[in-house]
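One structure below.
The values are calculated or read from the model by the stated rules, or taken from the named source; none is laboratory data. Computed from a prediction, not measured in an experiment: that's the story for all the values here. Positions of Cβ are generated from backbone atoms using ideal geometry, with glycine treated the same way; all protein chains shown enter the neighbour counts.
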Amino acid sequence: MKLSIKTLDNKDAGSIEVSDDVFGLPARPDILARMVRWQLAKRRAGTHDTKEIGEISGGGKKPRPQKGSGRSRQGSTRSPQWRHGAVIFGPTPRSHAFDLPKKVRKLALRTALSTKQAEGKLLVIDGVKLEQAKTGDLAKRFAKLGFASALVIDGPAVDANFARAARNLPGVDVLPQQGANVYDILRRDVLILTRDAVQHLEARLK
């Protein structure tokens with residue numbers, strides 16, 4: 001499969017041959033959904049915590065006599081039925097992560113790339129090096145390319161000026177190729193890959 005290459009100024013810069021095993025797979029919404037669930041579960045902090053009865057301060061004295069008051073029996077103000085008392089079976093700190101086979105994760109990333117290609121929302125550009133970190137200039141270039149929501153994936157190292165200029169653009173994310181992931185690809189409308197990114201992703205996913 002051949003993909004045309006553009007420059008940041010929306011000019012033609014030739015073409016590149018890409019593998020059908022990475023950019024030509026059929027749509028698999030089930031695989032993408034599993035991968036997104038795995039990513040979002042893994043990033044959850046899991047720091048939610050409630051106090052059990054042994055962690056509540058006070059409550060050592062019996063609040064009222066066992067009999068004679070006409071009210072219910074109570075042994076401690078730390079009990080869950082009391083205000084500021086314990087929480088029974090409440091959440092405790094834990095990890096929400098679960099296992100997902102490496103083959104499924106790799107297939108999901110290939111499927112995400114193929115989905116963008118099939119939808120016509122994959123753009124390959126020659127490079128993203130800028131002489132100056134000017135957000136306004138970069139916004140004008142993106143306007144020429146005709147999109148407002150995009151994920152830009154560069155080679156192993158992102159150009160510092162480009163990353164600084166894109167940092168203030170809403171709806172634009174920039175990642176090195178080793179940070180390419182399904183969730184970020186799907187959450188943006190357009191996927192932009194540099195020539196280096198295509199080569200590294202093919203070597204990583206074949």
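Taken together, L205, L151, L123 contain a single residue that is in contact with a Lys or Arg (Cβ under 8 Å, 6 or more places away or on another chain), at pLDDT below 95 and closer than 19 Å to Q39 by Cβ, which is L205. Within the stretch 7-40, restricting attention to residues that are in a loop (DSSP other than H, G, I, E, B) and within 21 Å of the chain's Cα centre (by Cα), the residue that is nearest to L100 (Cα to Cα) is R28.
Considering the conditions (1) charged (D, E, K, R); (2) touching a residue at least 12 places away in the same chain (Cβ under 8 Å); (3) not in a loop (DSSP other than H, G, I, E, B), R94 is excluded by exactly one of them, (3).
Among the residues of the stretch 28-48, is there at least one that is hydroxyl-bearing (S, T, Y) and more than 30 Å from T111 (Cα to Cα)? The answer is yes, given that some residue of the stretch 28-48 is hydroxyl-bearing (S, T, Y) and more than 30 Å from T111 (Cα to Cα).
Could you list all residues from the stretch 98-112 that are part of a loop (DSSP other than H, G, I, E, B) and either exposed (fewer than 13 other Cβ atoms within 10 Å of the Cβ) or modelled with pLDDT under 95 (or both)?
F98, D99, P101
When the residues of the stretch 1-15 are narrowed to those that are surrounded by 11 or more Cβ atoms within 10 Å (Cβ to Cβ) and in contact with a Lys or Arg (Cβ under 7 Å, 6 or more places away or on another chain), which ends up farthest from L138 (Cα to Cα)? Ranking the candidates gives S15 first.
Set side by side, the residues Q81, Q66, Q74 differ, and just one is surrounded by 11 or more Cβ atoms within 10 Å (Cβ to Cβ) and assigned to a loop (DSSP other than H, G, I, E, B), which is Q74.
Among the residues of the stretch 41-61, those identified as more than 12 Å from G90 (Cβ to Cβ) and assigned to a helix (DSSP H, G or I) are A41, K42, R43, G54.
Can we say L8 is modelled with pLDDT under 95, among the aliphatic types (A, V, I, L, M), assigned by TED's automatic domain parsing to the domain that holds G120 and under 30 Å from L145 (Cβ atoms)? Yes; evaluated as a whole, the condition is true for this residue. Here A86 meets the list (1) in the same structural domain as D20 (by TED's automatic domain parsing); (2) part of a loop (DSSP other than H, G, I, E, B); (3) small (G, A, S) almost entirely, failing just condition (1). There is at least one residue in the stretch 165-172 that is in contact with a strand residue (DSSP E or B) (Cβ under 7 Å, 6 or more places away or on another chain) and buried (at least 16 other Cβ atoms within 10 Å of the Cβ). For the stretch 140-156, name all the residues that are in a helix (DSSP H, G or I), closer than 16 Å to L191 by Cα and either without any contact (Cβ under 8 Å) to a residue 60 or more places away in the chain or not assigned by TED's automatic domain parsing to the domain that holds H200 (or both). Matches in the stretch 140-156: F142, A143.
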